[in-house]
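Data block below; observations after.
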Amino acid sequence: MTSSLTKVNNCFEVKLMKRTVLIILLVATGSLSTFAQDPKAPTPRKPSNKQIVTAAQANGVYRYYQSEFRILALGHNKLKVQFDGIYMTLAKSPNMGYAMGEAIIDGNVATFKPPDFAQCTINLVFLPGKLKVTQEGSDADCGFGHNVNASGTYRKVRSGKPKFESPV
């Protein structure tokens, strides 16, 4: 009887092992087929951040506190730019800065280098109704008065052809 019991146990163990191996194979095969059916989606191309700014959008007067930019599109990716900067001291005395010249525009970003000040670069980013300005170089590098800086977000206060003025 023990020999027949041993045969039954062996047969049960063999069936259990076969079932376990079969389950492992099914899980592995299912995982592989799922992986094969789920390829990585192609990476979508990033949309170009380069926006085109029309002359009508660029032309005008932009103000940030008491500082102003006057901009006129000249064509051929060039802008006429005038900056009048004012920094009010604690004693309410104005320090002033002035620059005028041509900027090169590419998309919605213009680069203005005031003449005679090679270490100064003023970057202009045209946004709807605004002009985001960053200045690279100190006030002295740009030929401005003490603490006068062109950086800031300027609001468009007038559209159309601006009147360019000489510094006061």
Per the list (1) surrounded by 14 or more Cβ atoms within 10 Å (Cβ to Cβ); (2) at pLDDT below 95; (3) in contact with a Leu (Cβ under 8 Å, 6 or more places away or on another chain), residue check on PHE117 breaks on (3)
Checked region 126-144 for anything surrounded by 16 or more Cβ atoms within 10 Å (Cβ to Cβ), farther than 10 Å from GLY60 by Cβ and in contact (Cβ under 8 Å) with a residue 24 or more places away in the chain; matches are PHE126, VAL133, ASP139, CYS142, GLY143, PHE144
Among GLU136, GLU165, the single one that is of a type in the set (Asp, Glu) and outside the structural domain of TYR65 (by TED's automatic domain parsing) is GLU165
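Residue-by-condition table, conditions (1) among the small types (Gly, Ala, Ser); (2) in the same structural domain as SER151 (by TED's automatic domain parsing); (3) at pLDDT below 95; (4) surrounded by 10 or more Cβ atoms within 10 Å (Cβ to Cβ):
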{"residue": "ILE23", "(1), (2), (3), (4)": "no, no, yes, yes"}
{"residue": "GLY30", "(1), (2), (3), (4)": "yes, no, yes, yes"}
{"residue": "ARG45", "(1), (2), (3), (4)": "no, no, yes, no"}
{"residue": "GLY60", "(1), (2), (3), (4)": "yes, yes, no, yes"}
{"residue": "TYR65", "(1), (2), (3), (4)": "no, yes, yes, yes"}
{"residue": "ILE71", "(1), (2), (3), (4)": "no, yes, no, yes"}
{"residue": "GLY75", "(1), (2), (3), (4)": "yes, yes, yes, no"}
{"residue": "GLN82", "(1), (2), (3), (4)": "no, yes, no, yes"}
Which numbered condition TYR87 fails, given (1) touching a His at 6+ places or on another chain (Cβ under 9 Å); (2) exposed (fewer than 15 other Cβ atoms within 10 Å of the Cβ); (3) not in a loop (DSSP other than H, G, I, E, B): (2)
So which pairs qualify, if the first residue must be in region 86-101 and without any contact (Cβ under 8 Å) to a residue 60 or more places away in the chain, the second must be of a type in the set (D, E, K, R), the Cβ gap must be under 9 Å, and the two must be at least 6 apart or on different chains? ASN95/ASP139; GLY97/ASP84; GLY97/ASP139; ALA99/ASP84; GLY101/LYS80; GLY101/LYS113
Is there a residue in region 154-168 that is under 17 Å from the mean Cα position of the chain (by Cα) and at pLDDT 95 or above? no
If you take the residues in region 47-58 that are polar (S, T, N, Q) and touching a strand residue (DSSP E or B) at 6+ places or on another chain (Cβ under 9 Å), which one is surrounded by the fewest Cβ atoms within 10 Å (Cβ to Cβ)? THR54
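The values are calculated or read from the model by the stated rules, or taken from the named source; none is laboratory data. Since this is a predicted model, take the numbers as computed values, not measurements. All Cβ positions, even for glycine, are placed from backbone atoms using ideal geometry, and neighbour counts span all protein chains on display.
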